[in-house]
1. Within the accessible area of region 21-92, what % is carbon and sulfur when the probe is 1.4 Å and the other protein chains stay in place?
2. Below 13 angstrom from the Cβ of Asn32, what's the summed charge of the other residues (Lys, Arg +1; Asp, Glu -1)?
3. Could you tell me how many degrees, from 0 to 90 and to the nearest 10, lie between the Cα long axis of helix 2-17 and the main elongation axis, the longest principal axis, of the Cα atoms of the chain?
4. Based on the Cβ-Cβ distance of Glu30 and Asn60, what FRET efficiency does E = 1/(1 + (r/R0)^6) give at R0 = 22 Å, to the nearest 0.05?
5. Leaving out ligands and nucleic acids, and using a 1.4 Å probe, what accessible area per residue does the chain come to in Å²?
6. Percent antiparallel among DSSP beta bridges with both residues in the chain, to the nearest 5?
7. So I have (i) 1.41; (ii) 1.02; (iii) 1.25, and one of them is Cα Rg over 2.2 N^0.38 Å calculated from this model. Which one is it?
8. Computed FRET efficiency, Cβ-Cβ of Ser138 and Glu205, R0 35 Å: what is it to the nearest 0.05?
Amino acid sequence: MHYFIRFIFLLLISNFIFSNSLYFSDIEIESNSTGIIELNLDNPNDIVGGFQFQITDYPNYGLFIDAQPTDRIPEQFQIQFNEQEDGTVIVVGFDLALAGIQTGSGPILNLTYQSTSDYSSEITISTLETASFLSDLSGLALPFTVESGIVTVLGENPPSVQPVENLTATGGFGSVSLFWDNSNVIDVIGYNIYRENNIVGSSTETTFTDEGLQQNTEYCYVVTAFTEFNESDFSSS
């Protein structure tokens, strides 16, 4: 009986701690066009007096160009929207009249997102945990969870990336140095190095040294080239 009471108590505490949740809607847009992402808030128990969200898009193939409150936000709420140099945006809201966002569920912000790429992609929209807050009417922090959203961009297929050529290796004391040629006419960002089909590093040059290896041991390597959109097939080993 005591264990059952303790279980019910812990369940109630858990529901209280994680009663507030934020989630972004999924949208589908054409390349180089705009769409509206909803930021939804479920707050069944707490009136929200203010918030700060630093919102990210990964990969960064677009821009947040506006943030507008929905009808869940009282008119006296002050909303500020600032784009950062790293492509994220910070949205701050505070209520001078101390009315707050009443308990309930539904969107609180409409975020206008602009695709800046010609290519098809999937972009994850989320928040930076260390720079995002909910507060009650007294300014005290409220716990919450965040669920990411996906922006699906419909556009051209990204250009393919050709495998690297002429991969060679030179063994050393506890190391292997790799060398290869880039056969691509498009610009590549870098190269991924795989040992026994597990990635062990990356390089922006056409060489890489893998260290900390065992002596008298055979290792097998392949290399791929990659752009911001695609990765090539494996090279010869």
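1. On the way: 1430 of 3470 Å².
Looking at region 21-92 in its full context, I get 41 percent from C and S.
2. Working: positive: none; negative: Glu30, Asp118, Glu156.
Here the count lands on -3.
3. On a 0 to 90 degree scale, this one is about 90.
4. Details: r = 18 Å, r/R0 = 0.84.
The computed FRET efficiency comes out at 0.75.
5. Working: 13520 Å² over 237 residues.
Per-residue accessible area for the chain comes out at 57 Å².
6. Details: 71 of 79 bridges.
That works out to approximately 90 percent antiparallel.
7. Here the calculated entry is (i).
8. Details: r = 55 Å, r/R0 = 1.58.
With R0 = 35 Å, the Cβ-Cβ based efficiency is 0.05.
The values are calculated or read from the model by the stated rules, or taken from the named source; none is laboratory data. Values in this document were obtained by computation on a predicted structure and should not be read as measured data. Every residue, glycine as well, gets a Cβ built from its backbone with ideal geometry; the counts of neighbours run over all protein chains shown. The area values use the complete protein model at the heavy-atom level, side chains included, leaving out ligands, DNA and RNA. Shrake-Rupley method; radii C 1.70, N 1.55, O 1.52, S 1.80 Å.
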